[in-house]
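The block underneath contains the structure these notes are about, expressed in structure tokens.
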Amino acid sequence: MGNQMINNRKVAMIGCGFVGSASAFALMQSGLFSEMVLIDADQDRAEGEALDIAHGIPFARQMKIYAGGYDDIIDAAVIIVTAGASQKPEETRLDLVHKNVAIFKKIIPQIAERHYQGVLLIVSNPVDILTYVALKLSGMPENRVIGSGTVLDTARLKYELGQHLSVDSRSVHAYILGEHGDSEIVAWSSADVSGIPINRFCEMRGFYSHEAAMERIGESVKNSAYEIIAKKKATYYGIAMSIKRICEAIVRDEKSILPVSGILHGEYGIENVALSMPAIVGSKGIETQVPISLDEKEQEMLKESADTLRKIIEELEL
């Protein structure tokens with residue numbers, strides 16, 4: 001198979017459940033790609049989604065959408081993996097780990113043995129653990145195996161802050177880092193609204209109880225997946241838009257800074273575990289992680305988040 005050429009206008013989706021199909025639908029509308037291949041363990045499901053989504057093409061831009069197999073995806077610029085058991089009400093993202101590692105042991109070697117040269121984007125949960133697992137099972141270079149990480153949590157945070165402050169959420173610069181899950185942290189110490197420190201902007205808007213507001217907003221973001229799952233059984237539109245955003249940064253080589261999940265090597269004393277840090281994302285995946293300034297408490301929490309993840313990785317037989 002050797003060094004096959006990557007087709008920058010092609011994307012592949014492995015897993016056509018709620019997240020995979022919503023993401024495929026968002027990507028069809030985005031105009032980023034002229035070819036999309038869908039793969040699912042249930043071939044009929046993949047074919048049905050491909051047909052349904054393809055019927056929107058006359059209202060979007062010309063492209064080819066079809067169900068296929070691993071041989072069909074190897075020249076894709078991005079292979080997105082959403083396959084796996086999904087989170088049930090009452091279940092944490094980490095509860096899913098053993099079910100989904102078993103599924104990854106079937107999927108990732110199929111990509112590895114075809115010497116894939118593009119970017120592998122992992123979305124299945126728990127995303128940080130599975131990004132690490134995909135990296136180990138694929139033998140690919142670290143920069144080209146990335147997890148969707150806290151891109152969605154960060155969007156949820158920006159949305160909530162935008163609502164709270166009555167300001168465009170795109171002008172809010174704030175990150176959620178660490179595990180995409182219960183140990184995630186809000187990097188309040190570096191949050192700002194177009195360069196104005198968040199607390200000063202809050203005061204300008206007539207809010208003075210910063211601690212309480214931070215606590216409430218942070219908790220609301222952390223629990224939003226649980227809340228959505230409790231109400232509608234699954235979450236998929238927010239993540240679909242997050243995937244679209246990451247794909248855009250990759251195929252347009254935008255070098256955008258996004259909090260994707262990647263392996264840390266000594267940053268904040270964290271070693272050999274995948275979690276989310278702001279990173280420059282372009283055509284090769286993660287170009288470099290961005291050293292964000294965290295206060296001592298945030299650094300401590302980030303270490304704890306990393307420890308939580310490392311304990312689980314150590315239990316896996318990889």
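For this structure, a couple of remarks:
- Flag: Gly84 does not match the condition of being in contact (Cβ under 8 Å) with a residue 60 or more places away in the chain and farther than 20 Å from Met241 by Cα.
- Just one of the listed residues (Ile229, Ile246) is buried (at least 17 other Cβ atoms within 10 Å of the Cβ) and over 17 Å from the mean Cα position of the chain (by Cα), and it is Ile229.
- Close pairs from the range 255-270: first over 17 Å from Pro126 (Cα atoms), partner of a type outside the set (A, V, I, L, M, F, W, C) and not in a strand (DSSP E or B), Cβ under 6 Å, at least 6 apart: Tyr268/Gln299
- Restricting the first member to the range 215-229 and to residues that are in the same structural domain as Met301 (by TED's automatic domain parsing), and the second to residues that are hydroxyl-bearing (Ser, Thr, Tyr), the beta-carbon pairs closer than 6 Å and six or more apart or on different chains are Ala225/Thr235; Ile228/Thr235.
- With a requirement of 1 or more residues that are in the same structural domain as Leu177 (by TED's automatic domain parsing) and under 15 Å from Ile185 (Cα atoms), the strands (runs of 3 or more DSSP E) lying completely within the range 251-318 that satisfy it span 256-265, 271-282.
- Subset of the range 17-48 [surrounded by fewer than 22 Cβ atoms within 10 Å (Cβ to Cβ), acidic (Asp, Glu) and closer than 22 Å to Lys106 by Cβ]: Asp42, Asp44, Glu47
- Single residue of the range 281-304 satisfying the filter (among the β-branched types (Val, Ile, Thr) and surrounded by fewer than 17 Cβ atoms within 10 Å (Cβ to Cβ)) that is nearest to Asn8 (Cα to Cα): Thr288
- Here Ser34 fulfils each of the conditions (1) in contact with a helix residue (DSSP H, G or I) (Cβ under 8 Å, 6 or more places away or on another chain); (2) farther than 30 Å from Thr308 by Cβ; (3) among the polar types (S, T, N, Q); (4) free of Cβ contacts under 8 Å to residues at least 40 places away in the same chain apart from (1).
- Residues of the range 107-154 that are crowded, with 18+ Cβ neighbours inside 10 Å, small (Gly, Ala, Ser) and either within 18 Å of Thr288 (Cβ to Cβ) or free of Cβ contacts under 8 Å to residues at least 60 places away in the same chain (or both): Ala134, Ser138, Gly147, Gly149.
- Cβ pairs under 7 Å, 6+ apart, first in the range 46-70 and assigned by TED's automatic domain parsing to the domain that holds His115, second assigned to a loop (DSSP other than H, G, I, E, B) and among the aliphatic types (A, V, I, L, M): Ile57/Met63
- Members of the range 63-106 found to be part of a loop (DSSP other than H, G, I, E, B), loosely packed, with under 14 Cβ neighbours inside 10 Å and at pLDDT 95 or above, listed by number: Gly69
- Flag for Tyr175 being assigned by TED's automatic domain parsing to the domain that holds Lys303, within 18 Å of the chain's Cα centre (by Cα) and free of Cβ contacts under 8 Å to residues at least 24 places away in the same chain: no
- Those residues of the range 84-110 which are of a type outside the set (S, T, N, Q) and more than 20 Å from Glu317 (Cβ to Cβ), in sequence order: Lys88, Pro89, Glu90, Glu91, Arg93
This table checks each residue for (1) more than 17 Å from Gly118 (Cβ to Cβ); (2) at pLDDT 95 or above.
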{"residue": "Glu254", "(1), (2)": "no, yes"}
{"residue": "Pro259", "(1), (2)": "yes, yes"}
{"residue": "Ile263", "(1), (2)": "yes, yes"}
{"residue": "Glu271", "(1), (2)": "yes, no"}
{"residue": "Met277", "(1), (2)": "yes, yes"}
{"residue": "Gly285", "(1), (2)": "no, yes"}
{"residue": "Ser293", "(1), (2)": "yes, no"}
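The values are calculated or read from the model by the stated rules, or taken from the named source; none is laboratory data. Quick caveat: nothing in here was measured; it's all calculated off a predicted structure. A quick note on method: Cβ atoms are made from the backbone with ideal geometry, for glycine too, and the neighbour counts reach across all protein chains shown.
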